[in-house]
Structures are given as structure tokens and as C-alpha cells.
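The values are calculated or read from the model by the stated rules, or taken from the named source; none is laboratory data. As the structure is a computational prediction, the values presented were derived from the model and not from experiment. Here the Cβ positions follow ideal geometry from the backbone for every residue, glycine too, while neighbour counts run over all protein chains shown. In case anyone asks, the SASA skips ligands and DNA or RNA and just uses the protein heavy atoms, side chains included. Shrake-Rupley method; radii C 1.70, N 1.55, O 1.52, S 1.80 Å.
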Amino acid sequence: MSKAISQVPYAINEPVRTYEPGSTEVKSLISTYKKMWKENTEIPMVIGGNEVKTKKQVTLYSPQDHQHSFGFYHKGTMEHVDKAIEAALAAKAQWSNLAWEQRASIFLKAADLIAGPYRDRLNAATMIGQSKNVYQAEIDSACELIDFLRFNVEFMTEMYSEQPISDHGIWNRAEYRPLEGFCFAVTPFNFTAISGNLPSCMAMMGNVVVWKPSDKQILSAKVIMDIFMEAGLPDGVINMIFTDGKDTAEKVLAHPDFAALHFTGSTQVFQGMWKMMGDNIHRYKTYPRIVGETGGKDFVMVHSSADVEAVATALVRGAFEYQGQKCSAASRAYIPKSLWKEVKKVMESQLKSIKMGSPEDPSNFVNAVIDKNSFEKCKGYIDRAKKAKDAKVILGGKCDDKKGWFVEPTVIEATDPYYESMCEEIFGPILSVYVYEDKNWSETLKIVDQTSPYSLTGSVFAQDRYAIDEAYKALENASGNFYINDKPTGAVVGQQPFGGARASGTNDKAGSKMNLLRWVSVRSIKETFVSPKDYKYPFLG
Ligand code: NAD
């Protein structure tokens, strides 16, 4: 392969299937769902290419039916963490010396396996284990993961082609070396695509990885690992372990060969891990790369010139799709008094037609929240708002945990812009609204900027260009992804590189070259063709 300068297939975004009622694609997906629902899947860890089973088996229950177990996984101990690190380090020399085209082929094949034979299985696993409806599963586990894999291959080659200039008589080169040591990927429950991307993009750059998925996303993590193995990923390159998060972090982050953390999850967990890395800094052979994408409190700022129906639709989709369990979900909205009555009316009528229930019925727009903790957290915010002086529940508000963890799409109207639900990340189907006097638009922009420690996504809705420009400038640092007249969710790989700043993360933009750059350590190479043979420069005469 080193005898050619290969070009990779041009990446384009995977077309999203629409799953219209009665279509062949929806029938096929639902029949896979029904089959997997009954399979009682056994899920071992994968270390050094071997399936690892333990004596501790943990039953997995579906969020939409908490009495139904669809499988079980083998829980590992700290011994398995050690084994995963050893397996990664053992695989390192051969993997990092493999030509990039061979690495690229594996991940391009994985993308094609997801696009084709594994599509239904990965989507169905996400629907069963994480309670996503057909469309939410499709845009996440199929399309976004396919896009991550294909675009990252292209970004890798773009990066490799970036080379320094060379003066007369010399040849300068840049070599994008994998990091020394092993990498650690820790992934959240809410996006199957993120769980596949975090370990794979590090491996793509020639690194070896210990991957700890969330224990609330184990079924789809297993399908991803099956796909990587079928695509030909060599043993030990990615090692998937199911171990306690905190204990694993303590062990991994104290290892001298630890080279990088790729994390997505809550701010608090990331900050805890950063502290551990600080405490261990003297142990490491190399300064670790740290990438973390964390929480959000994403805003929708509406100007009096905005289109009412567009605002209401963005709020309904942005706040309630996937039950608000997107880091980018619209969770606080600022609406001018002159538009509020109309916006509320349109939202109310849209919400009336929304059905809630199991993803097995594709007509359900809203499904269950992930688990009991999340259910209780959401219920707590709703119950407190019902009693609060400075807030009231104006739409939704019912919670039902008889069969699954169902929380109705809920809108809280707060008269205090700093009421708790306007500031804190809830991660559920709860939208908080603050109605401001139209004349206070500029002051309200300041409130939007200063309300929360996060800075992930945000939208402005306006037809007035001066208003858009003012918001664009006033909210420069309030979000890493800024939307104009669109909802703050649904970033697409290659189109809107994703990530936030402040307490929302290191902003290394998943699905971009900026992210891949973190997983390499550049070596500059200078070669002189005719070396000088006398120390004297001309100025010495
Ligand atoms: P989480 O922080 O609870 O868990 C994330 C991962 O960390 C899991 O694998 C978990 O097992 C592990 N973990 C938990 N406690 C740990 C500890 N003490 N030490 C080390 N690891 C630990 O997050 P979650 O509930 O899975 O996901 C929701 C959160 O993720 C939200 O805050 C959301 O905003 C954030 N998120 C952010 C983005 C982004 O791109 N910014 C994307 C998705 C999710």
C-alpha cells in the first residue's frame, strides 16, 4: 500500500430512511425489534478479541417495560481492566505500523455493514435498550455512526496530506504518529453513534483503546463491537469492558501508559476524571490528550419578529424528541410577551397530537426516559414547579411508571429567569419558558448568556436581520453550536461539527478533523540532500 497515494471514497451523508407507515423498511425494522425483544441476548465483554464471561451477570430491562428483560451482560472487575490494558498494549506495535489504507478499509467496511446488513439490528437494539423511536434510532445509530466512520476516513487522509513547505535542498515532512501508550474511551447512554465513534476514531488514527460503554447502552454497544469484529478489526485494538465507571477511571488514569481520554457524558463525571489526571500527572510517560463533551442547558431565544409556527415547532421537536435526552435539547426558551399567547397555542395543539409509548409502535413520537433515576429526577422538577411561587406547569406534567418510565412532554412557565429549571440540566422532556417584555430584548440576551455554566447549543428565532446580528454577537460564547431559525438539535457530521465550551466540554468538535488531530502526535522530519561539510558560514569570510 505504500506504493500508491490512494484516494478514499468521497464521503457523503448517509440518506435517512423515512419509515413511512406500511413501508417495507418499517416492517423489516419492527420485525427485527420483535425478534430481538425476545432473544434474551447474552453480552460478554471483548478483551483481546476474546469474549469474556464472568460470574456476575446483570439483567438488562427495557425503559419502555421495566419488567421485561431483553438480555444480560457479564460485569467485569478491576482484573478485567488490567487485562484490557494489557491486550491493548500487546496489539499496539502491529496495529500502529499497519498502512493507513488497511485501517481505513476496516472502518469503511464497518460503515457499509451498518448501512446494509446490520442496519435493522443496530436500530432495533437502540430502540429496545435506549427507548428511541424508529426515526430517532435511524438518525443516530445508523446514519450518524455511518457518517462518523466515512467522514473520519476522509478527514484522516486530509490531515495526512497537510505537509510543510520545503526550502531548496531539503525535504520537510510531517508524520501523524499514533499516541504512545493506550487510549481510554468512556461513552454515554444517549447516542449509539457517539459510543461507536469515540473508540473507533482513536483506533482509526492507529491507536489502541480500552472502551467502557454506559451500562444503559450495552445492547447496542454489543452490536457495534460485533460489526467492528466482522469488519476485520484485529484483536486487542478496541477492548470493550463492562466495569464500574469510577473504579475503572481510578485504575486506568493511574496507569503510566495512559495516553488519552475521549469522554462524552456529564460535566461532573468529566471534572472528576480531569482531577484524577491532574493527581497522576507525574506518573505518565506522556502528557495525556483530554477531550470531553459534556452537559448542556440549551436555549431558544425568540425575537418579536419571529415566525410563530416555526418557533413552536422547533420547541416541540427540540425539547421533546428522544424525551429531551439529547445534550443539545432545547430546555430553556425566552419568548417575547407579544408572541407568547400564539406560540403557546400552537405548541398546545401540536402536543395534543403527540402519542407516547413503546417504540414498537412507530406512531409514538415520545418514548420512555432511560431509567428510574431519570424518571424520578424529572418528576421532582415537575412536582416542585407545581408548588412553586415563581413557576407553574402549563402543559403536560403527568408521569407514569406503571409499565415503563414515561414522562409526558412538559412545559414549565417561570416568572423568574433564574428559576431552577431555567438553569439546571434536567435531561428529560421538560422545557422551561421565560416570557420577557418585548422592549427588554437586549437585556434578555445578557440573561441568556449568563444563566448557566454550560455553552453547548442555542438558537435564535427572528426575521429582523438586525436582531439576528445582535444575538449572534451577544451570544458569541453562549454556545458551541449556534442555530438561526432552526432547533438546537440534530447536528450532522461534516455539516455542523459538534461540541460546546465552558462547562459543556473541550469543544474538539466530534465528526471533524479538529477532533482527529487530538489522537496523533506529529513528528516533523527534515532531510537535507547535500549536507554541509564545513562549519564556517559565509559571513566568517
Ligand atoms: P454519565 O456521565 O452518567 O455517564 C457517562 C459515562 O461515564 C458512562 O459510561 C458511565 O458509566 C461513566 N461514569 C459514570 N460515573 C463515572 C465516574 N465516577 N467515573 C468515571 N466514569 C463514570 O452520562 P450519561 O447519563 O450516560 O449521559 C448523559 C450526559 O451526557 C448528559 O449530561 C449529556 O449532556 C451528556 N452528553 C453530552 C454530549 C456532548 O456532545 N456534549 C453528548 C451526549 C451526552
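Overview of values
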| read-out | value |
| --- | --- |
| Proximal aspartates and glutamates to K109, defined as alpha-carbon separation beneath 13 angstrom and excluding residues fewer than eight positions away on the same chain | E101, D147, D226, E230 |
| Over the range 298-484, relative contact order from alpha-carbon pairs under 8 Å, at least 6 apart, % | 28 percent |
| Cα centre as origin, Lys/Arg/Asp/Glu Cβ charges: the chain dipole, Debye | 700 debye |
| Cross-link partners of K345 among aspartates and glutamates (Cα-Cα below 12 Å; sequence separation of 8 or more within a chain) | E309 |
| Neighbour cut-off at most 14 other Cβ (10 Å), DSSP loop, GluC sites (Glu not before Pro), the range 445-541 | E476 |
| Surrounding net charge for A319, when Lys and Arg each add one and Asp and Glu each subtract one, Cβ distance under 11 Å | +2 |
| Heavy-atom accessible surface of the range 22-166: percent carbon and sulfur, 1.4 Å | 51 percent |
| Separation of the A93 and E158 label points, Cα + 7 Å toward Cβ, nm | 3.6 nm |
| Net lengthening on full extension, T54/V522 (0.36 nm per residue, minus Cα-Cα) | 164.4 nm |
| Once exposed loop trypsin sites (Lys or Arg not before Pro) are cut out (DSSP; at most 16 other Cβ, 10 Å), longest piece of the chain | 57-284 |
| Theoretical FRET efficiency, 1/(1+(r/R0)^6), r = Cβ-Cβ of D390 and M229, R0 60 Å, to 0.05 | 0.65 |
| Qualifying chymotrypsin sites (Phe, Trp or Tyr not before Pro) in the range 328-427, DSSP loop, other Cβ atoms within 10 Å at most 14 | Y418 |
| Solvent-accessible area per residue for the chain (1.4 angstrom probe, square angstrom) | 44 Å² |
| Residues whose placed amide H lies under 5 Å from that of G48, excluding near-sequence neighbours | G236 |
| For D120, net neighbour charge (Lys/Arg +1, Asp/Glu -1) across residues whose Cβ lies under 13 Å away | +4 |
| Cross-link pairs beyond the 31 Å C-alpha cut-off, checked among K92/K487; K34/K513; K222/K377; K83/K372; K38/K75; K285/K513 | K92/K487; K34/K513; K83/K372 |
| At most 16 other Cβ within 10 Å, DSSP loop - GluC sites (Glu not before Pro), the range 32-89 | E39 |
| Additional length obtainable on full extension of the chain from Y61 to A4, 0.36 nm per residue less Cα span | 15.5 nm |
| Sum of side-chain charges, I12 neighbourhood, beta-carbon under 11 Å (Lys, Arg +1; Asp, Glu -1) | -2 |
